[in-house]
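J.: This is the structure I want to talk about, given as structure tokens.
The values are calculated or read from the model by the stated rules, or taken from the named source; none is laboratory data. These numbers were taken from a predicted model, which means no experiment stands behind them. Glycine gets a Cβ as well: all are built from the backbone with ideal geometry, and neighbour counts include every protein chain shown.
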Amino acid sequence: MIQAELSRRAFLRSSGAAMKASCITLTFPMVLTACSRANETRLNGGDFATLSAVEAREYDAIAARIIPTDETPGAREAGAVYFIDNVIADAFERQRQTLRLGLADLQANTAALYDTALFADLTSVQQDSLLTQIEETEFFATIRFLVIAAMFSLPEYGGNKDELGWQLIGFEDRHVWTQPYGFYDADHLAKGE
Amino acid sequence: MAQQQTSVTYPTREAVDFVIVGSGAAGGVMAKELSGAGFSVVVLEQGPHLKAGDFRHDEWSYDYNGGLIWGSKQGHPQTFRKSATDTAKPAEAALGYAHNVGGSSVHFSGNFWRLRPIDFKEASVRGTIAGTNFADWPISYEELEPYYTKVDWEIGVSGLQGPWDPPRSQDYPCKPMPIKGSDVLLERAGKKLGLNPYPAPVAILSEPHNGRPACIHCGFCNGFGCEVNAKSSSMATMIPLALASGHCELRTGCTVSRVTTGADGKADEVVYWDAEGNEFAQRTKAVVLCANGAETPRLLLLSASDQHPQGLGNSSGFVGQNLMFNGYTSVVGLFPQPVNAYKSIPATRVIHDFYELNPSLGFYGGGGIDGRHYARGTPLNSALMSGMFGGPKWGADYKKDLEQEFTHTAAFDGHTTSLPLATNTVTLDPTLKDKWGRPALRCTYMDHPDDLATMKFFFDKTGELMEAAGAIRQAGSYPKNGQEGNVHLLGTCRMGNDPASSVVDKYHRSHDVSNLFICDGSSLVTSGRGQPTMTIMALAFRAADHMIQSARRGEI
């Protein structure tokens, strides 16, 4: 029995479609021109291109709740915030504003409930509770999209450091594969079907 | 200037024999055939000439930054609406196609089904359907078969003839592709249910052919260009031969604005901008439009003149009408062992037992089923969908789902018929303009109730197959409320014998303009069951054959 309704995203075959809920869908950031910057930033331990130190810390904290670190590395170790820094550098004002205002709201919610105005200072339980409240917002959809895009795009765009994202899902970026590709075709071959 | 691709150059102020607009599945075949027959040919292509060495496993570029399919960022906005009573809203690539030499044959999945004899005469056999333009084709399967076989051998197709397949005059040139785990699951489930799964025909080489190498199973077919030229695109197969003929000039980065006609009513010039925006007009003895089922009707509508007030070649009013997308469904199953459907080509088995649904069901339709990866094997798209079996969309449990769903799932997809409707159209948007100042493409589309019923049938059937395959969990969907875009752009300048209800004759010649030919997805009279590229290429070989004979007799 088909238990779950798949997201419409399953079927959208044209570009950009998976970003529908995020503000990125409206105008695509020109990250292609800036792709190498994140790696440079990381290598130099230098400043972010766009984010302030506080913003970087906040986005990093959010990323670490979207794909958390447990027995295996998460979005933090994969350097998602560097990818985000890159994208924002080339985003349009309207997109930056969505992120800026969304973060400001999140910080306001933080300050209203706790003794700090910084989301990154909270415990993970407190952070999850605040993020759950804003799950349906364009800000959250955007930051979620960016964290996942960071984690699973080519490492040269700044996230997915050491292919940590790909390792997580079991994707190996090879050019040549030969049978068997997995368990079932190996079994098929073994049984001579 | 146009980026020069070839040593032969033709002056714009002297008429060449043929100008071909578009270099995709049909345009590439036309270019190769016409230039190979010794005619002077200019091909105008709006995109760049990307080649195997240019392509990468770069999902972020191709899927999210318009690397192959241009959108509003590149100055090509579109609009979409479900009904003519709605105001169309901006929509990214609702009419999706690739902007490069080879067109969408470069990034397509490679699935390469022939139509069957029934497809050409279904309205006679099955009966017409009130409120639709469902009709027979002006040609039969038997007339097209030699050209299907020509496609098989000229570009390279892999497959295995089954007893239920349409008859063929020659075997496939290449053996079938090796089976994937997702298709082992489909094959076993199909057999359990008494169905007949068999190797999927694909325009991807399983062994070397015509000097090109076999597929190395990297997995980046659908949405990507092949990095070793194993995918039998127009770019990899036809364009090199056209350029080698010494009679074909390929001008890339050139966007056609209109086709003009002379005092005799015949097409005489094709007007275009080069990449820098300089306007040129190429004189020609004949024009061949192969710009796809969206851009071909737009160009005809943009070429309206005093002589052709409704648009060039549009005395029937059928230009832009009868747009057909094909329907689609998908059910994803979770399995205990690694499937790794992300490796190798999209689909290696197909089930065609439901090609024609029983009329007693109360609706018209049919289609095919194949096994795939749920998100084309792409890591980012896959991760965005994770949690598909009801899990959360972020956090520790989302991460657990990420760890298994990419590798331990198979998708069974349905590919189905669409009925031709006067109300499903490609038209000119009344307000939105593209970067050249031309009215943007406006798509109006709502699936016919029979098309939705057909999708429901295939959705349920693939669910049963998934159950039989032993999936632990299932998730799935189909566009119940109607599709809002697709990459199959069919029917908008249909072939037919009656000038009142078709745009071109059975040889793809415009009923209105004797030296204007139209051949691409727009030519299809009915939708087939979901994989149109093989038929588009076969039609192009057939049309070119007749055009060459006509030209030699001085009848163009």
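J.: Looking at (1) under 19 Å from B:Val19 (Cα atoms); (2) in contact with a helix residue (DSSP H, G or I) (Cβ under 8 Å, 6 or more places away or on another chain); (3) not acidic (Asp, Glu), can you tell me which one B:Ser514 breaks?
T.: B:Ser514 satisfies every listed condition except (2).
J.: Residues to consider are B:Tyr10, B:Tyr62; find the one that is among the aromatic types (Phe, Trp, Tyr) and surrounded by 22 or more Cβ atoms within 10 Å (Cβ to Cβ).
T.: Working: B:Tyr10 fails: surrounded by 22 or more Cβ atoms within 10 Å (Cβ to Cβ).
Every option except B:Tyr62 fails the conditions.
J.: Could I ask something else about it? Can you give me the number of residues within the stretch B:65-75 that are assigned to a loop (DSSP other than H, G, I, E, B), surrounded by fewer than 21 Cβ atoms within 10 Å (Cβ to Cβ) and in contact (Cβ under 8 Å) with a residue 60 or more places away in the chain?
T.: So the count comes out to 1.
So that you can scan it fast, the table gives a plain yes or no per residue for (1) part of a strand (DSSP E or B); (2) of a type in the set (S, T, N, Q); (3) within 14 Å of chain A (Cβ to nearest Cβ):
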{"residue": "B:Gly265", "(1), (2), (3)": "no, no, no"}
{"residue": "B:Asp268", "(1), (2), (3)": "yes, no, no"}
{"residue": "B:Asn292", "(1), (2), (3)": "no, yes, yes"}
{"residue": "B:Pro297", "(1), (2), (3)": "no, no, no"}
{"residue": "B:Asn314", "(1), (2), (3)": "no, yes, no"}
{"residue": "B:Val331", "(1), (2), (3)": "yes, no, yes"}
{"residue": "B:Tyr342", "(1), (2), (3)": "no, no, yes"}
{"residue": "B:Val350", "(1), (2), (3)": "yes, no, no"}
{"residue": "B:Glu356", "(1), (2), (3)": "no, no, no"}
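J.: So which residues in the stretch B:453-498 are closer than 23 Å to B:Thr533 by Cα and in a helix (DSSP H, G or I), if there are any at all?
T.: Hits for the stretch B:453-498 are B:Thr454, B:Met455, B:Phe458.
J.: Would you tally the residues in the stretch B:47-59 being buried (at least 22 other Cβ atoms within 10 Å of the Cβ) and more than 20 Å from A:Pro155 (Cβ to Cβ)?
T.: Residues in the stretch B:47-59 being buried (at least 22 other Cβ atoms within 10 Å of the Cβ) and more than 20 Å from A:Pro155 (Cβ to Cβ): 1 in total.
J.: Conditions first: (1) within 14 Å of chain A (Cβ to nearest Cβ); (2) at pLDDT 95 or above; (3) under 19 Å from B:Ser522 (Cα atoms). B:Ala93 passes all but one, so which condition is the exception?
T.: That leaves (2) as the condition not met.
J.: Out of A:Glu163, A:Glu135, which single residue is exposed (fewer than 14 other Cβ atoms within 10 Å of the Cβ) and within 11 Å of chain B (Cβ to nearest Cβ)?
T.: From the options A:Glu163, A:Glu135, the qualifying one is A:Glu135.
J.: Please work out which residue is surrounded by the most Cβ atoms within 10 Å (Cβ to Cβ), limiting yourself to the stretch B:76-88 and to residues that are away from chain A (no Cβ under 12 Å) and not polar (S, T, N, Q). So that I can check it myself, show each step before the final result.
T.: Restricting attention to the stretch B:76-88, the residues satisfying the condition of being away from chain A (no Cβ under 12 Å) are B:79, B:81-88.
Checking which are not polar (S, T, N, Q) leaves us with B:81-82, B:84, B:86, B:88.
On the way: B:Arg81: 19, B:Lys82: 18, B:Ala84: 11, B:Asp86: 11, B:Ala88: 23.
Among those residues, the one meeting the criterion is B:Ala88.
J.: Then there's this: What pairs come up if the first residue lies in the stretch B:166-182 and is more than 30 Å from B:His408 (Cβ to Cβ), the second is aromatic (Phe, Trp, Tyr), and their beta carbons are under 8 Å apart, counting only those six or more places apart or on different chains?
T.: B:Pro166/B:Tyr141; B:Arg168/B:Tyr148; B:Gln170/B:Trp153; B:Pro173/B:Trp153
J.: So, one more: Can you find even one residue in the stretch B:173-188 that is under 23 Å from B:Ile118 (Cα atoms), crowded, with 24+ Cβ neighbours inside 10 Å and modelled with pLDDT of 95 or more? Break it down stepwise before answering.
T.: Let us first name the residues in the stretch B:173-188 that are under 23 Å from B:Ile118 (Cα atoms), namely none.
Checking the stretch B:173-188: not a single residue is under 23 Å from B:Ile118 (Cα atoms), crowded, with 24+ Cβ neighbours inside 10 Å and modelled with pLDDT of 95 or more.
J.: Residue under question is B:Gly437, and the condition is that it be more than 24 Å from the chain's Cα centre (by Cα), on the phi > 0 side of the Ramachandran plot, not in a helix (DSSP H, G or I) and not β-branched (Val, Ile, Thr); does it hold?
T.: Numbers: more than 24 Å from the chain's Cα centre (by Cα): yes; on the phi > 0 side of the Ramachandran plot: yes; not in a helix (DSSP H, G or I): yes; not β-branched (Val, Ile, Thr): yes.
Judged against the criteria, B:Gly437 is a match.
J.: Hey, can you tell me all the residues within the stretch B:385-403 that are in a helix (DSSP H, G or I) and facing chain A (nearest Cβ under 7 Å)?
T.: The initial filter retains those residues of the stretch B:385-403 that are in a helix (DSSP H, G or I), namely B:385, B:396-403.
Residues satisfying the conditions are B:Met385, B:Ala396, B:Lys399, B:Leu402, B:Glu403.
J.: Just name the residue that is nearest to B:His373 (Cα to Cα) out of those in the stretch B:155-186 that are outside any loop (DSSP other than H, G, I, E, B) and within 14 Å of chain A (Cβ to nearest Cβ).
T.: Applying the first criterion (outside any loop (DSSP other than H, G, I, E, B)) to the stretch B:155-186 yields B:155-156, B:158, B:174, B:181-186.
Subset that is within 14 Å of chain A (Cβ to nearest Cβ): B:181-186.
Details: B:Gly181: 10, B:Ser182: 7, B:Asp183: 10, B:Val184: 13, B:Leu185: 12, B:Leu186: 12 Å.
Among residues in the stretch B:155-186 that are outside any loop (DSSP other than H, G, I, E, B) and within 14 Å of chain A (Cβ to nearest Cβ), the one nearest to B:His373 (Cα to Cα) is B:Ser182.
J.: Continuing with the same structure: Quick one: is B:Thr128 out of contact with any Lys or Arg (no Cβ under 9 Å at 6 or more places or on another chain), surrounded by fewer than 22 Cβ atoms within 10 Å (Cβ to Cβ) and modelled with pLDDT of 95 or more? Break it down stepwise before answering.
T.: Values: out of contact with any Lys or Arg (no Cβ under 9 Å at 6 or more places or on another chain): yes; surrounded by fewer than 22 Cβ atoms within 10 Å (Cβ to Cβ): yes; modelled with pLDDT of 95 or more: yes.
Spelling it out, B:Thr128 is indeed out of contact with any Lys or Arg (no Cβ under 9 Å at 6 or more places or on another chain), surrounded by fewer than 22 Cβ atoms within 10 Å (Cβ to Cβ) and modelled with pLDDT of 95 or more.
J.: I need a count of the residues in the stretch B:499-517 that are in a loop (DSSP other than H, G, I, E, B), surrounded by 22 or more Cβ atoms within 10 Å (Cβ to Cβ) and either free of Cβ contacts under 8 Å to residues at least 60 places away in the same chain or under 24 Å from the mean Cα position of the chain (by Cα) (or both).
T.: 3
J.: Could you list, in sequence order, the residues of the stretch B:328-374 that are closer than 26 Å to B:Met446 by Cα and among the acidic types (Asp, Glu)? I'd like the intermediate steps shown before the answer.
T.: Just the residues of the stretch B:328-374 that are closer than 26 Å to B:Met446 by Cα, to begin with: B:328-332, B:352, B:354-370, B:374.
Of everything in the stretch B:328-374, those that are closer than 26 Å to B:Met446 by Cα and among the acidic types (Asp, Glu) turn out to be B:Glu356, B:Asp370.
J.: In the list A:Phe83, A:Phe92, A:Phe48, which residue meets the criterion of being over 15 Å from A:Leu131 (Cβ atoms), buried (at least 22 other Cβ atoms within 10 Å of the Cβ) and hydrophobic (A, V, I, L, M, F, W, C)?
T.: On the way: A:Phe92 fails: buried (at least 22 other Cβ atoms within 10 Å of the Cβ); A:Phe48 fails: buried (at least 22 other Cβ atoms within 10 Å of the Cβ).
Only one candidate qualifies: A:Phe83.
J.: Being surrounded by 21 or more Cβ atoms within 10 Å (Cβ to Cβ), in contact with a Cys (Cβ under 9 Å, 6 or more places away or on another chain) and not in a helix (DSSP H, G or I): is that true of B:Ile20 here? Talk me through it step by step, then tell me what you get.
T.: Details: surrounded by 21 or more Cβ atoms within 10 Å (Cβ to Cβ): yes; in contact with a Cys (Cβ under 9 Å, 6 or more places away or on another chain): yes; not in a helix (DSSP H, G or I): yes.
For B:Ile20, the condition - surrounded by 21 or more Cβ atoms within 10 Å (Cβ to Cβ), in contact with a Cys (Cβ under 9 Å, 6 or more places away or on another chain) and not in a helix (DSSP H, G or I) - is met.
J.: Which residues, counting only those in the stretch B:471-506, are over 19 Å from B:Leu539 (Cβ atoms) and hydroxyl-bearing (Ser, Thr, Tyr)?
T.: The answer is B:Ser477, B:Tyr478.
J.: Continuing with the same structure: Being farther than 28 Å from B:Asp498 by Cβ and within 18 Å of the chain's Cα centre (by Cα) narrows it down to one of B:Gly53, B:Gly38, B:Gly110, so name that one. Steps first, answer last, please.
T.: Working: B:Gly53 fails: within 18 Å of the chain's Cα centre (by Cα); B:Gly38 fails: within 18 Å of the chain's Cα centre (by Cα).
It is B:Gly110.
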